[in-house]
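Only the coordinates and a few stated rules stand behind these numbers; no lab work does. As the structure is a prediction and not an experimental result, all values here were calculated from the model. Cβ coordinates were reconstructed from backbone atoms using ideal geometry, including for glycine residues, and neighbour counts include every protein chain displayed.
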Amino acid sequence: MPKAIFVNLPCQDLKRSKTFFEALGFTFNPQFTNEDAACLVISDAIYAMLHTTTSFRRFTSKDIADAHKTTEALLALQVDSKQEVNALLDKALAAGGRAPREAQDHGFMYERAFEDPDGHIWEIFWMDAQAAPRG
């Protein structure tokens, strides 16, 4: 079974992206960070590799999506409380992120989302799985 996930994302300006995520309280693993790519540490098992377009191009011959114009994926991160959802979103917005939609409160789950400087959508949510409806 897999032990970790590394999500690879293209970035137009790697330095700007690093500054944005550092403002949210995240760190980068220097062992896997250089001028072409940076390893964003989200948790002990979740990482995002932020790549310059040139670096990202090494992994695909397909067109690279412009996340400001199209959505290829929604990146959802679960946190421990509604307060943590709001705190992280407040940091993202203060650092220049954009809220693509209003908060959603489903009772058993609370979620908000932000777009990073490259347009990638990050959903931050809290959920009480025991209170979730079945099906």
Next on the checklist: For the structure I just gave you, tell me whether E115 is acidic (D, E) and surrounded by 12 or more Cβ atoms within 10 Å (Cβ to Cβ).
Outcome noted: yes
Checklist outcome for this item: By my count, strands (runs of 3 or more DSSP E) wholly in region 33-135 with at least 1 residues that are at positive phi and of a type in the set (G, A, S) are none
Checklist entry - Inside region 67-88, can you point out the residues that are farther than 20 Å from L50 by Cβ and either surrounded by 11 or more Cβ atoms within 10 Å (Cβ to Cβ) or touching a Gly at 6+ places or on another chain (Cβ under 9 Å) (or both)? => result Q78, V79, K82, Q83, E84, V85, N86, A87
Checklist outcome for this item: Residues in region 17-29 that are under 16 Å from T52 (Cα atoms), of a type outside the set (D, E, K, R) and assigned to a helix (DSSP H, G or I) total 4
Next on the checklist: I'm trying to understand the selection: among the residues of region 7-16, which are within 22 Å of T70 (Cβ to Cβ) and either without any contact (Cβ under 8 Å) to a residue 40 or more places away in the chain or not in a helix (DSSP H, G or I) (or both)?
Outcome noted: V7, N8, L9, P10, C11, Q12, D13, L14
Item to check | Residue satisfying all of: in region 1-57; of a type in the set (S, T, N, Q) and out of contact with any strand residue (DSSP E or B) (no Cβ under 9 Å at 6 or more places or on another chain); farthest from N86 (Cα to Cα) among these | outcome: T54
